[in-house]
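Chemist: Sharing a structure with you now.
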Amino acid sequence: MADDGMILNFDLGMDVVAPKPRAKITGGRWRDRVKAQKSLQASASSSSAKEGRKSRDGDDGNVDAGYERPVKRIRVDQPSAPKAGGRPGGGKPGQPREITSSLFSFNPKAVTNFEEAEVEKEAAEPSNAPLAENSFKGLGLSDRLVAELEKLKLDKPTAIQKTSIPLLVNSTSDAFIQAETGSGKTMAYVLPMLHRVMALSQDSKIHRNSGIFGIILTPTRELAKQVYAVMCQLLRATPWLVASPVIGGESKKSEKARIRKGVNFLVATPGRLTDHLQNTQVLKLSTVRWLVLDEGDRLMELGFEDDIQKLITQLGKAEVAPQTYDGVSLANLPDRRITVLCSATMKMSVQKLGDMSLKDAIHVEAPKEDAVERKAQESTFSAPAQLKMSYIVTPSKLRFVTLISYLKSVFARKGSVMKLIIFISCADSVNFHYEMLRGPPAREKSSENPTSLTVNTVAHAAYITSAANKDIMLHRLHGSLPQPVRTATLRSFSDCKDPTVLITTDISSRGLDIPSVDVVVELDPAFSIEDHIHRIGRTARAGRPGKSVIFLTPGCEEGYVSLMASNSGTPTAQNYDTVLQNGLSIPMELPFETHAKVEEKQSYTEKAENLQLHLEQRLLEDRKRLDLGRNGFKSHIRAYATHTKEERGFFDLTQLHLGHLAKSFCLREAPGGIGNGIERKASKAGRAKKAGRDGPTAGSKRGREDAGEEVVGGQEAFMRMGRMMGKLGASEFNLG
Ligand code: AMP
């Protein structure tokens, strides 16, 4: 855990080493004074020799056997002949004197031998594409709905739709829809429900005041808005039927007003719906015939079990009305309430939710003959077959420059990639990466309108542009942003006509359907393999192509490749050196002036080092930016501690090299303070447990991304924390 090799850019503009003041010995006989002086000098010279040895071998005097010897440290200020490619830091004699560490020395080596694919693998046949030989008409949907689908350019059902629609348009049974991400499962439950309510309105006077017929619960506000948008599109044909979102973060008052005005379908997040059930008198449940629990595993993970239980109990108490409030018969609707549970997985939590909510449910799955053969068939869930997955094993020190290089290559050709999502573990780290990758404020579009909701979440990207793609937009999104900002940012990303990058937390990993995301980058691995599948499922949707790449560090994280292989398909290896070479061969214009320069004539390693130095200098020159780096680093570590228990072997906190990791946050040293706060939090959680209090976050990940508490301590405290993590479940460290 030593910070070996972390000799960083100390500003040596002042005295390099201040000479120690000499102790003056006074009193006693002169002979004794001379003797004492001599022994003092001898001990001083032996300790300086020791220090010399220490600094050569590393801070603690030991060289870790797993690391390479450091290459020669470069003194920028020496008036030696300039090397080809210039001096790292670009310093001229007379400029501040700096010592840079090599990004390429002291790095842990990858423990596995992976072969980099020479030729890119052909993508497999899409597993979630619409089925060629089928039509919606043949599934028993009304002409009106089919016409509406055609307007949306949807004429053939996907495999899950082909199975679920004929079953649900007639059945009165509960259903469990198990479908992989991006397979069209929203329409699989929405279409049968709309078909039956629309059929009802053909010969009777059904309108927005006839009552609520369906409630759809989703784990996130974003997903709720998206499902609501799908419903609105389909309800265009029947403007007398109305859907409404009921989600946290929006004005409760206006939601109440809408419910009072009349709503037939509610798309809700559990917390806000529970609130309305308690406080909104006009919200009546007797006409409700469908309860849909979308992304069931996520609903449970986020700790909504109690809210869902309350809703089920309240629905159970409400009689099933045979007619609307104004006397229109509902005889053509199911005579009982139907619950539809949707999930890509069949985890324990989903089974528990099923036990709570379903009665004699039918299991709906895409028929095997419609699904393309794939290796991971035996797993309970999988990623789209056509998705091209890869991984890069990158030492921590090189993580940020490798990310920039990767992005540069991706956006090198015009039109090849339009939308890319970068997943990061926590909100603070999202803020840091956004700040570091954005261009100067003067060039921002949003600065044209300083009152815009996206003024702080959308900017022009810098560093990753190329001659072909001069305008790339950058977006940031996480749970700590106010809801209107979240909504506006997501819309901006979705509607963006320029190539664009979204830097986000797992808030965007589930259900979000952003048209044509081409690439998903997991800069931080997900907290569980299920989250990983959901993240990569943001691309390759409904038969479209897509790519994903995950960044891993050498060592235990490499073991994660086999876990991915058995769940989502085998990813191919990309060598970070090749990524750096390719990315940095594309001309780079640094958008901000610092001493460090990246120049064409430099080798790729010099470019990487100078780019890193430039980023570090930018951090040092601005206190706010520096704080973003420090907070990002600390929250990153806290989030790292919350990988699921089963996967913690791959993400071992005690194996993190703080000094190297600091580099990836452009910090010259690891900020103090890793441990005590976590310990404080842990003991709080422990106390809560003892007191029998299981807070809403117990066992959930909610709030992880909003971590913001200050932590202090040192390497020892950090090690203690690591040991503690082994004893306690990750849930003890939920932060929020
Ligand atoms: P979902 O799994 O419901 O989030 O849907 C994933 C994507 O598939 C969305 O962009 C839908 O618009 C799209 N989609 C759903 N059904 C179809 C279909 N039958 N044909 C083409 N695209 C579809």
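Chemist: Can you pick out the pairs among Lys347/Lys419; Lys597/Lys624; Lys205/Lys256; Lys284/Lys347 whose Cα atoms lie more than 27 Å from each other?
Modeler: Exceeds cut-off: Lys347/Lys419; Lys284/Lys347.
Chemist: Still on this model: Using the structure shown, list the pairs from Lys225/Lys497; Lys185/Lys547; Lys153/Lys408 with a Cα-Cα distance above 24 Å, or answer none.
Modeler: On the way: Lys225/Lys497 21 Å; Lys185/Lys547 22 Å; Lys153/Lys408 34 Å.
Beyond 24 Å between Cα atoms: Lys153/Lys408.
Chemist: Same structure again: Could you please report the charge total around Arg625, scoring K, R as +1 and D, E as -1 over all other residues with beta-carbon less than 14 angstrom from its beta-carbon? The partial results should precede the final answer.
Modeler: On the way: positive: Arg438, Arg618, Arg623, Lys624, Arg630, Arg668; negative: Asp428, Glu435, Glu616, Glu621, Asp622, Asp627.
Net charge in that neighbourhood comes out at 0.
Chemist: Could you let me know the centre-to-centre spacing of the stretch 549-617 and the stretch 170-207, using Cα atoms, in angstrom?
Modeler: 47
Chemist: What does the charge count around Ser357 come to, taking other residues whose C-beta lies under 13 Å from its C-beta (Lys +1, Arg +1, Asp -1, Glu -1)?
Modeler: Spelling it out: positives minus negatives among the neighbours equals -2.
Chemist: Could you sort 394-402, 277-285, 649-657 so that the peptide with the highest average Cβ count within 10 Å comes first and the rest follow in order? Don't skip to the end; give the middle numbers.
Modeler: Working: 394-402: 24.9, 277-285: 14.0, 649-657: 18.6.
My ranking of the peptides, most packed first, is 394-402, 649-657, 277-285.
Chemist: Something else: Which order do peptides 266-276, 145-155 fall in by mean Cβ count within 10 Å, highest first?
Modeler: Details: 266-276: 22.2, 145-155: 15.5.
Descending packing order for the listed peptides: 266-276, 145-155.
Chemist: Order the peptides 427-434, 560-567 from the highest to the lowest mean number of other Cβ atoms within 10 Å of their residues.
Modeler: Details: 427-434: 26.9, 560-567: 16.9.
By packing density, highest mean first, the sequence is 427-434, 560-567.
Chemist: Something else now. Calculate the dipole size of the stretch 171-367 relative to its Cα centre from +1 charges on Lys and Arg beta carbons and -1 charges on Asp and Glu beta carbons; express the result in debye to the nearest 20. Kindly include the intermediate steps, with their values, before the conclusion.
Modeler: On the way: 24 positive and 20 negative charges, 167 e Å.
Rounded to the nearest 20 debye, it is 800 debye.
Chemist: Further, regarding this structure: Could you give the distance between the Cα centres of the stretch 340-357 and the stretch 533-548, to the whole Å?
Modeler: The two parts, judged by their Cα centres, are 23 Å apart.
Chemist: Accessible area per residue, 1.4 Å probe, Å², for the stretch 171-367: what's the number?
Modeler: Details: 7330 Å² over 197 residues.
Roughly 37 Å² per residue, with all protein chains present.
Chemist: Here is a follow-up. Accessible area of the stretch 171-367 with a 1.4 Å probe: how many percent of it is carbon plus sulfur? All intermediate terms of the calculation are to be shown ahead of the outcome.
Modeler: Details: 3720 of 7330 Å².
Reported share for carbon and sulfur atoms: 51 percent.
The values are calculated or read from the model by the stated rules, or taken from the named source; none is laboratory data. Predicted model only: the values in this text are computed from it and were never measured. Backbone-built Cβ (ideal geometry, glycine too); neighbour counts: all protein chains shown. Ligands, DNA and RNA are excluded from the accessible area calculation, which covers all protein heavy atoms including side chains. Shrake-Rupley method; radii C 1.70, N 1.55, O 1.52, S 1.80 Å.
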